[in-house]
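Everything on this sheet refers to the single structure shown next.
The values are calculated or read from the model by the stated rules, or taken from the named source; none is laboratory data. Quick caveat: nothing in here was measured; it's all calculated off a predicted structure. When we count neighbours, we look across all protein chains shown, and the Cβ atoms used for this are built from the backbone with ideal geometry, even at glycine. Remember, those area values only see protein heavy atoms, side chains included, never the ligands or the DNA or RNA. Shrake-Rupley method; radii C 1.70, N 1.55, O 1.52, S 1.80 Å.
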Amino acid sequence: MQYPKISIITVVRNGEKDLESAIKSVVSQSYAHIEYIILDGLSTDGTLDIIRKYEHGIALWKSEADRGIFDAMNKGLDLATGDWVFFLGCDDVLASPTIIEEVVAEMTDADGIYYGNTYLKKSNQIYTGKVSRWNIALRNISHQAIFYPRSIYKQKKYNLDYKLTADHIYNVELYSRFAAHFVYMPKLISIYNDLGMSSVNVDHQHKKDIIGIVYDNLGSAVGSYYWLRVKVSNFKNSLKGGK
């Protein structure tokens, strides 16, 4: 029996507060065929000491300058050799020591884009559920809950125009071409820190471009629906601001 290799990539800079928990959640997995890659962006705190502490469980790590989180992730995609790749944030953890083994058991399509749920710590809720053409524009699949096959990640990189939410653009574009290969698993994949950078900051380029991207990739009906939802949301926010 052949066991697929899962490449797990963590991108970090000055993450000494949380990184050890993320690493421990990976190196304690019951599944043996994991390639763990850590890309550090020249940390100035104790991050490298933590990485060195767990070198025995890390296939490859580097500390070098990058142009932001998605540039570092693109470097990770170049380095990965797994049948699927998965990103784990430096302040996130895998949901259980058996979750990778559980996910692999469902990976029957070599080109399948498998995804599940995350638990949001701050919001105290489960995210995302199954996506469709109608809702993937409104709610991205959590980066900490999706596994991209080699046939995808070796051909497609993140668009660096989007500093915080390039993964949403990535998923919308993929869904437009490979919807049949998106496979939802009703499993809790990770515990996600929704106080991270992409959760509390706005990607202005994404905000500017997303309606056009939805139209181009998901069709005019979905684009119109999304445009309307944005207008209604903006109107409600303006009312709140006026109180």
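Before moving on, here are some points about what is shown:
- If the condition is being under 20 Å from Ile189 (Cα atoms) and surrounded by fewer than 19 Cβ atoms within 10 Å (Cβ to Cβ), then the stretch 59-99 contributes Ser96, Pro97, Thr98.
- Asn135 vs. criteria part of a loop (DSSP other than H, G, I, E, B) and open to solvent by less than 60 Å² (accessible area, probe 1.4 Å): yes
- Assessment of the stretch 110-125 against the conditions (at pLDDT below 95, assigned to a loop (DSSP other than H, G, I, E, B) and hydroxyl-bearing (Ser, Thr, Tyr)) yields at least one matching residue.
- Scoring Ile37 on the criteria (1) open to solvent by 20 Å² or more (accessible area, probe 1.4 Å); (2) of a type in the set (A, V, I, L, M); (3) in contact with a Gly (Cβ under 6 Å, 6 or more places away or on another chain) leaves a single failure, condition (1).
- Yes/no for Ile169 being touching a strand residue (DSSP E or B) at 6+ places or on another chain (Cβ under 7 Å) and modelled with pLDDT of 95 or more: no
- Segments classed as strands (runs of 3 or more DSSP E), wholly inside the stretch 4-89, with at least 1 members that are among the hydroxyl-bearing types (Ser, Thr, Tyr) and either at pLDDT 95 or above or under 22 Å from Thr118 (Cα atoms) (or both): 6-12, 34-40, 60-63
- For the stretch 24-41, the set of residues classified as of a type outside the set (Val, Ile, Thr) and out of contact with any strand residue (DSSP E or B) (no Cβ under 6 Å at 6 or more places or on another chain) consists of Lys24, Ser28, Gln29, Ser30, Tyr31, Ala32, His33, Gly41, listed by residue number.
- Residue tally, condition at positive phi and without any contact (Cβ under 8 Å) to a residue 12 or more places away in the chain, over the stretch 10-61: 0
- The number of residues in the stretch 46-58 that are open to solvent by 10 Å² or more (accessible area, probe 1.4 Å) and closer than 22 Å to His33 by Cα comes to 7.
- Pick from the stretch 100-109, criterion assigned to a helix (DSSP H, G or I) and hydrophobic (A, V, I, L, M, F, W, C), ranking: surrounded by the fewest Cβ atoms within 10 Å (Cβ to Cβ): Val104
- Residue within the stretch 204-223 that is under 20 Å from Gly68 (Cβ atoms) and of a type in the set (A, V, I, L, M, F, W, C) present: yes
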